[in-house]
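The values are calculated or read from the model by the stated rules, or taken from the named source; none is laboratory data. All of these numbers come straight from a predicted model, not from anything done at the bench. Reconstructed Cβ throughout: ideal geometry from the backbone, glycine too, with neighbour counts over all protein chains shown.
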Amino acid sequence: MPLTGNGKLDRKALPQPDASLLQQAYVAPQSELEQQIAAIWQDVLKLEQVGLTDDFFELGGHSLLATQVVSRVRQSLGLEVALRTLFEHSRLAEFAASLGCKTSAGEPPLKRVERNKPLPLSYAQERQLFLWQFYPESNAYHIPAAIRMRGELDIQALQYSLNALLARHESLRTTFVEQGEHSVQVIADHALLDLSVDQRPVQPLSPQQIEDCIEHETRKPFNLAQGPLLRARLVSLADDEYLLLLTQHHIVSDGWSTQVMVEELIELYAANTEQRAPNLPELPIQYADYAVWQRQWMEAGERERQLAYWVGQLGGEQKTLELPTDHLRPARQSFRGAKIDVPLSAALSQGLKALTHREGVTPFMLLLASFQILLHRYSGQTDIRVGAPIANRNRVETERLIGFFVNTLVLKSELNGLMSVTQLLAQVKQTALDAQSHQDLPFEQLVEALQPERTLSQNPLFQVLFNHHSEQLQQRTDRQLPNLQLESLEADSLTAKFDLALDIFDSSEGLHAVLTYAADLFAPSTAERMARHWQNLLQTMVSDPEQAISDLAMIDASEQQLMVNHWNATAVDNSLERAIHQLIEEQVERTPDAPALAFASEQLSYHQLNQRANQLAHKLIEQGVGPDVRVGIALERSVEMIVGLLAVLKAGGAYVPLDPAYPEDRLFYMMQDSGLRLLLTQRALLEQLPIPEGVQSLELDQDPSWLEGYDKANPTRRLSPENLAYVIYTSGSTGKPKGVMVLHGALNNFISSMARAPGLASSDCMMSLTTFSFDIFGLEIYLPLKVGARIVLSGQGMNLDPQAILDSVQRQGVTALQATPSTWRMLLDHPHHEALRNCKLLCGGEALSEELAARMLGLSAQVWNLYGPTETTIWSAVYPLSPQQPAPYLGHPIDNTSLYIVDPYLATAPVGAAGELLIGGDGLARGYFQRPALTAERFLPDPFGPPGARVYRTGDLARYRQDGVIEYLSRIDHQVKIRGFRIELGEIESRVLELDEVREVAVVANDTHAGPQLVGYVVAVEPPAVAEHQALHLKLKAWLSESLPDYMVPAHWVIVEKLPLTPNGKLDRKALPAIDISLLQRTYVAPHSELEKQLAAIWASILNVESIGLNDNFFELGGHSLLAVRVVSRVQLELGMQMSAQQMFQSPTLGALAGELQQSGNPIDTLKLSKLEALFDEMEEV
């Protein structure tokens, strides 16, 4: 393959195809219509002859050339033909037969207009002008062209040719100014272009220096009001070598126009040097004529016809494509980009083209479908919308014009994993043909009609672009002139207007792609991985187009091996045939006199604890306790609690922890549902416990001698790893708790793994803070007893008293603690938190924030983040934090545990992509007690393991990092959407915690009359007075607005003394107080004037607030940009006053706005209203 000087594929050097090799045996056209159609095909396809049996697409035709055929049939023959007709009848004879005699519809004639009247902008130019006014320094819409010239260059002739080009095309002499209330095109009668000439450098420029030169020239800003909007710079590289750089602004050009410009410049130069007239066709119209015609045609009803299609296709919720990114999306696009080449092998290119012929689709349709599959697999979304530029030159008169014609179509596909590739291709074909039949509606008007939520951080309606470049459209400037050889150069653009853009270059030699990505969002390795996965999808699509798209092999074998096997290589022999109490009994033999348990003033050695548990176990055996027999335990924190737990296990039973603090109804349900027949409790609790009939109770706080007659030796119950160790109840989606059945083998595996990492030594002392009805309590008891360490059991209610906890840590010499993030925050906020210094700090139960993790690391070098659901036995993943790795990731699997991240069809999700976390291995519970249907729903056959293996569906979204560490994202069922954008509440909370004034924060989404709105609950370091709440609200809003899109800034803030917690120490979101809008209002000052009262009524209606005072701030009461647009609309329609949305931001209080309108308000008509709304929409987008 030919290469450039930089070692990249040189597409310009590929040989020209010979289309005659693709033609059928020639059959001459017979009828006059057949001959006319053949002539049109020959002209468009650049062939000498076309026969009746020739197929348009086999001869190199594609969608854009098909559009040219349709426009020529319309112009030359006066016949109206739909674009899809050529796709359905692609052989010449069939196409001619299908035309019939339907005459062309009555479009307004495209003709020259007088230049002595104001010339309007086209719709696309209006959008470009506004973007430039808002961000004049941006180079995102600059179009470069670079030509290397070798030989004898006549610089004077080049200067003449550039000026002749300006004389030929009015668009290159056009500037844009405000004239009254409108923007207009101003066309200079004459204009000369200054050709800047750089002298030859001392040292030859390297290929990289040439690219830098092109990039530097491209970045120079334009002034659309002053012009010129075409720049020319000539760089002397050697005595006989030059580089010509041409840069245009998009408002006067597009990709097609650039090709026209370069081709005509070459012809003008050749004609000048050869002293002949240029061989260029006369231009019947100019771009300004097209802009007038476009408006006339749209306003005559065509806009409504085409808009009806697009609203039907794209109406409703405007979903954004949520690809997994490496970096947080910035509040404002920087347009920094990068690109990578994606070569496709010759064999793959041939296979793809063969597939297009089999399925009757174009390469554009096939490759678009493949790209949408990639986006579907990466995002997990089913509604995939991709932008696709279209030349939009449907009239012959526009084909040789330089101007901004290109339009963007939004192509939506509905994907599901069960549909086949061929089914998707049929859908994409239908969508593409329908879209091309409605391609004239300007994108700007579609945005205005659909009203998507606008943000400075991404493009509206679509976030990725797909562009297919056919060979005939690829710029080919390589040409041999007398004494001068020309070669076009391609520079790597460093701009990205979209999250991703895939450009396909299609030639007879094969296919080649370039993937452009936003550098603010993606790392280069991620983009390269996406490109590789797209290549894999193409391979499998070709090999079997009938397979379901969820079955397409996207991840290659080595990558699958890495994620499924290598990152889950956790096999360890933990001797699961022994139960946890037997491991503790072995420790008793090793260190019988070592201290085992401390509670209040009581101290027990390992020998003493074991003997008391053994005596109670023999009592339980006498009561009928054995394998899988459930025994309830409802005890206050005490030595008896630990003795009771061990005794049930030693007796072979399974304990059911019952927190006496739970509501009676819940306790009664758990006792009844678990089918227990024996309850271990204390005398003081008997009266308050709702013990069901038939359940026997046994008080453990009797006289010390009550078990004197029972054997102190270890019971000899034989247990299997599959026997139950405990049944613990967790909340259920139905409102009734569900019992999780945890096995002895699972508990043994967990404790054995924890003994290695995070690890605990016999010299350690672990404090148990957690309620025993929370499964993580098991780590605090069984891990220390297995390794010979000491347990300090906290007193009843101590877990909410940080002073008592820290005093106990210091007094008892505690070296290890486990707690939830909420408890850790409580402890670290206490002045005496230094008592925790150098302790081993274990955190789990809910997501650990980076801010809290950093504070924990400030106290200890041993900080561990722990993760795991009850159904997989306490913790399933661990991650050690360090100053070098402070991010609290979910981490790696523990011993004999597998962690998989999968898509909805249980296929491995690619690295970086969000998917559901599945957990397999020895830690899985048996299932839910007496809930077979729920067990079957949540515990599935392991898709990657041996026969009989199972996995648990966690319902958690997570993703793999490139090093195999897993990052927790969110709950699948707690995803929040605000104004069409899916957001992670934790991201907002992390930003708020960066403020020194904030101790704790929780952000929730509340449903309101205006849709879901974010509410932030804040615990301040220094609780402010009520009068100071407003100042803190404003500071919070301003802080977040600096770094987050507006839809991620809570509309309301509530200052609270503390955040409510569940009994397990987690944030209780349901107990957060409701917001009171009236508290957000300023001191009430009643509106007085008629205008103030009318404005107050409009605000009250839109904000759903009973009364509005002059001091009230629109945005502090929950207003946002979309609601501001509604205020503007109603003020103008109901009050008949001129107003802009910008005034809402400049004067956000009712009194200030009324005063502003009193001074500046002028009568306005309803036509002006729609234009102002559109203008503000553009302001939000940019």
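Across segment 148-170, what is the total count of residues that are of a type in the set (D, E, K, R) and either in a helix (DSSP H, G or I) or without any contact (Cβ under 8 Å) to a residue 60 or more places away in the chain (or both)?
Taking segment 148-170 first, the residues of a type in the set (D, E, K, R) are 148, 150, 152, 154, 168, 170.
Imposing the further condition that a residue be either in a helix (DSSP H, G or I) or without any contact (Cβ under 8 Å) to a residue 60 or more places away in the chain (or both) reduces the set to 168, 170.
Total meeting the criteria: 2.
So for segment 751-759 (the condition being among the hydrophobic types (A, V, I, L, M, F, W, C), more than 43 Å from the chain's Cα centre (by Cα) and either outside the structural domain of residue 590 (by TED's automatic domain parsing) or surrounded by fewer than 20 Cβ atoms within 10 Å (Cβ to Cβ) (or both)), does at least one residue qualify?
Residues of segment 751-759 among the hydrophobic types (A, V, I, L, M, F, W, C): 751, 754-755, 757.
Then keep just the ones that are more than 43 Å from the chain's Cα centre (by Cα); that gives none.
No, because not a single residue in segment 751-759 is among the hydrophobic types (A, V, I, L, M, F, W, C), more than 43 Å from the chain's Cα centre (by Cα) and either outside the structural domain of residue 590 (by TED's automatic domain parsing) or surrounded by fewer than 20 Cβ atoms within 10 Å (Cβ to Cβ) (or both).
Scan 248, 286 and give me the residue that is in contact with a Pro (Cβ under 9 Å, 6 or more places away or on another chain) and polar (S, T, N, Q). Please lay out each step first, then the result.
Details: 286 fails: in contact with a Pro (Cβ under 9 Å, 6 or more places away or on another chain).
The match here is 248.
Please name all residue pairs, on different chains or six or more residues apart, with Cβ atoms under 6 Å, provided the first residue is in segment 929-948 and is in contact (Cβ under 8 Å) with a residue 12 or more places away in the chain and the second residue is buried (at least 19 other Cβ atoms within 10 Å of the Cβ) and among the β-branched types (Val, Ile, Thr).
929/727; 940/951; 942/951
Would segment 253-260 turn up any residue that is among the charged types (D, E, K, R) and farther than 30 Å from residue 483 by Cβ? Quick ask: steps written out before the conclusion?
Of the residues in segment 253-260, the ones among the charged types (D, E, K, R) are 254.
Imposing the further condition that a residue be farther than 30 Å from residue 483 by Cβ reduces the set to 254.
Yes, there is a match, as at least one residue in segment 253-260 is among the charged types (D, E, K, R) and farther than 30 Å from residue 483 by Cβ.
Filtering segment 762-797 down to residues that are in contact with an Asp or Glu (Cβ under 7 Å, 6 or more places away or on another chain) and over 19 Å from residue 589 (Cβ atoms), which residue is surrounded by the most Cβ atoms within 10 Å (Cβ to Cβ)?
Checking each candidate, the answer is 766.
Can you give me the number of residues within segment 426-463 that are of a type outside the set (Phe, Trp, Tyr) and assigned to a helix (DSSP H, G or I)? Give the steps one after another, and end with the answer.
Let us first name the residues in segment 426-463 that are of a type outside the set (Phe, Trp, Tyr), namely 426-442, 444-461, 463.
Still in the list and also assigned to a helix (DSSP H, G or I): 426-436, 444-450.
Result for segment 426-463: 18.
Only one residue in 369, 347 is surrounded by fewer than 18 Cβ atoms within 10 Å (Cβ to Cβ), over 16 Å from the mean Cα position of the chain (by Cα) and outside any strand (DSSP E or B), so which one is that?
Details: 369 fails: surrounded by fewer than 18 Cβ atoms within 10 Å (Cβ to Cβ).
From the options 369, 347, the qualifying one is 347.
Looking at the structure I just gave you, is residue 940 hydrophobic (A, V, I, L, M, F, W, C), modelled with pLDDT of 95 or more and not in a loop (DSSP other than H, G, I, E, B)? Steps first, please.
Numbers: hydrophobic (A, V, I, L, M, F, W, C): yes; modelled with pLDDT of 95 or more: yes; not in a loop (DSSP other than H, G, I, E, B): yes.
Considered against the rule, which asks whether it is hydrophobic (A, V, I, L, M, F, W, C), modelled with pLDDT of 95 or more and not in a loop (DSSP other than H, G, I, E, B), residue 940 comes out as yes.
Within segment 698-710, take every residue that is of a type in the set (D, E, K, R) and either outside the structural domain of residue 615 (by TED's automatic domain parsing) or modelled with pLDDT under 95 (or both) and give me the one that is nearest to residue 635 (Cα to Cα).
By that ranking, first place goes to 701.
Which condition number in (1) buried (at least 19 other Cβ atoms within 10 Å of the Cβ); (2) modelled with pLDDT of 95 or more; (3) not polar (S, T, N, Q) is the one that residue 545 fails?
(1)
Considering segment 1078-1101 alone, what residues qualify as being at pLDDT below 85 and surrounded by fewer than 20 Cβ atoms within 10 Å (Cβ to Cβ)? Break it down stepwise before answering.
Narrowing segment 1078-1101 to residues at pLDDT below 85: 1078-1084.
Within segment 1078-1101, 1078, 1079, 1081, 1082, 1083, 1084 qualify.
Only residues that are more than 30 Å from residue 326 (Cα to Cα) and within 31 Å of the chain's Cα centre (by Cα): list them for segment 946-959, please.
First, the residues of segment 946-959 that are more than 30 Å from residue 326 (Cα to Cα): 946-950.
The answer is 950, and nothing else.
Of all the residues that make up segment 593-636, how many are part of a loop (DSSP other than H, G, I, E, B) and closer than 21 Å to residue 676 by Cβ?
First pass over segment 593-636, keeping only residues part of a loop (DSSP other than H, G, I, E, B): 593-594, 600-601, 623-629, 634-636.
So of that shortlist, the ones also closer than 21 Å to residue 676 by Cβ come out as 623-629, 634-636.
Going through segment 593-636 one residue at a time, the tally reaches 10.
Within segment 995-1077, considering only strands (runs of 3 or more DSSP E) that don't extend past its boundaries, which have at least 1 residues that are modelled with pLDDT of 80 or more and in contact with an Asp or Glu (Cβ under 8 Å, 6 or more places away or on another chain)? Show your work before the answer.
Numbers: elements: 998-1008, 1011-1020, 1052-1055.
Correct list: 998-1008, 1011-1020.
Taking the options 613, 598, name whichever one is under 21 Å from residue 767 (Cα atoms), in contact with a Lys or Arg (Cβ under 8 Å, 6 or more places away or on another chain) and surrounded by 21 or more Cβ atoms within 10 Å (Cβ to Cβ). Working first, answer last.
Values: 598 fails: surrounded by 21 or more Cβ atoms within 10 Å (Cβ to Cβ).
Of the residues listed, the single one that is under 21 Å from residue 767 (Cα atoms), in contact with a Lys or Arg (Cβ under 8 Å, 6 or more places away or on another chain) and surrounded by 21 or more Cβ atoms within 10 Å (Cβ to Cβ) is 613.
Are there any pairs, at least 6 apart or on different chains, whose C-beta atoms fall under 9 Å, with the first in segment 130-142 and under 18 Å from residue 336 (Cβ atoms) and the second part of a helix (DSSP H, G or I) and polar (S, T, N, Q), and if so, which?
Going by the 9 Å Cβ cut-off, the qualifying pairs are 139/218; 141/128; 142/218.
Regarding residue 554, is this residue surrounded by 17 or more Cβ atoms within 10 Å (Cβ to Cβ) and in contact with a Lys or Arg (Cβ under 7 Å, 6 or more places away or on another chain)?
Numbers: surrounded by 17 or more Cβ atoms within 10 Å (Cβ to Cβ): yes; in contact with a Lys or Arg (Cβ under 7 Å, 6 or more places away or on another chain): yes.
Against the criterion (surrounded by 17 or more Cβ atoms within 10 Å (Cβ to Cβ) and in contact with a Lys or Arg (Cβ under 7 Å, 6 or more places away or on another chain)), residue 554 qualifies.
Would you mind stating whether residue 846 is within 28 Å of the chain's Cα centre (by Cα) and over 26 Å from residue 821 (Cα atoms)? Spell out the reasoning first.
Numbers: within 28 Å of the chain's Cα centre (by Cα): yes; over 26 Å from residue 821 (Cα atoms): no.
Criteria not met by residue 846.
Select from segment 126-149 the residues that are charged (D, E, K, R) and either within 17 Å of residue 335 (Cα to Cα) or at pLDDT below 90 (or both) and write down the one among them that is surrounded by the most Cβ atoms within 10 Å (Cβ to Cβ). First the steps, then the outcome.
Filtering segment 126-149 for residues charged (D, E, K, R) gives 126-127, 137, 148.
If we keep only those that are either within 17 Å of residue 335 (Cα to Cα) or at pLDDT below 90 (or both) as well, we get 127, 137.
Values: 127: 23, 137: 7.
Among those residues, the one meeting the criterion is 127.
Restricting the search to segment 532-565, which residues are of a type in the set (Gly, Ala, Ser) and assigned to a helix (DSSP H, G or I)? Even if it seems obvious, please write down each step before you answer.
Here is the first cut: in segment 532-565, the residues of a type in the set (Gly, Ala, Ser) are 543, 548, 550, 553, 557-558.
Within segment 532-565, 543, 550, 557, 558 qualify.
Residues in segment 869-898 that are in contact (Cβ under 8 Å) with a residue 12 or more places away in the chain, within 25 Å of the chain's Cα centre (by Cα) and part of a loop (DSSP other than H, G, I, E, B): how many?
The total comes to 5.
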